[in-house]
Amino acid sequence: MENQNENPYLIDLYDEEDNKVTFEHLDTIKLEDNTYIICIPYDDAEEEVTEIVIFSVNTEDEEDCLEQVQDPAILEKVYAVFKERNQDLFDFED
């Protein structure tokens, strides 16, 4: 069992209701003048990844904020780049 403190790729994010959710950062992609963070919800008991989350990095009041991408066209473009860059690290199902 992996200790959360030993994994440098874990990040804690807080939703609008101030609930903490831990994600594992998989990749950062710059595409069309935007930066996207690809993560999976972290669960050390889960053996298979069933969901990825793509965040866009937005700057508000000189501070970076992450916002979950909802636009299907952007999700498709970013995911295609992610798959291409990480094809040797992960088994992707289409």
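The values are calculated or read from the model by the stated rules, or taken from the named source; none is laboratory data. All of these numbers come straight from a predicted model, not from anything done at the bench. FYI the Cβ positions are ideal-geometry reconstructions off the backbone, even for glycines, and counts take in every protein chain you see. Note: areas computed on protein heavy atoms with side chains; ligands, DNA, RNA excluded. Shrake-Rupley method; radii C 1.70, N 1.55, O 1.52, S 1.80 Å.
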Subset tally (residues that are of a type in the set (Asp, Glu) and farther than 13 Å from residue 54 by Cβ) for the range 67-94: 5
With the condition kept exactly as written, say whether any residue in the range 86-93 is polar (S, T, N, Q), at pLDDT 80 or above and within 20 Å of residue 10 (Cα to Cα). yes
If I go through the range 67-94 residue by residue, how many of them are of a type outside the set (Gly, Ala, Ser) and assigned to a helix (DSSP H, G or I)? 12
If residue 71 satisfies all but one of (1) under 23 Å from residue 7 (Cβ atoms); (2) open to solvent by 60 Å² or more (accessible area, probe 1.4 Å); (3) of a type outside the set (Lys, Arg), what's the number of the condition it fails? (1)
The one condition in (1) loosely packed, with under 10 Cβ neighbours inside 10 Å; (2) assigned to a strand (DSSP E or B) that residue 51 fails to fulfil: (2)
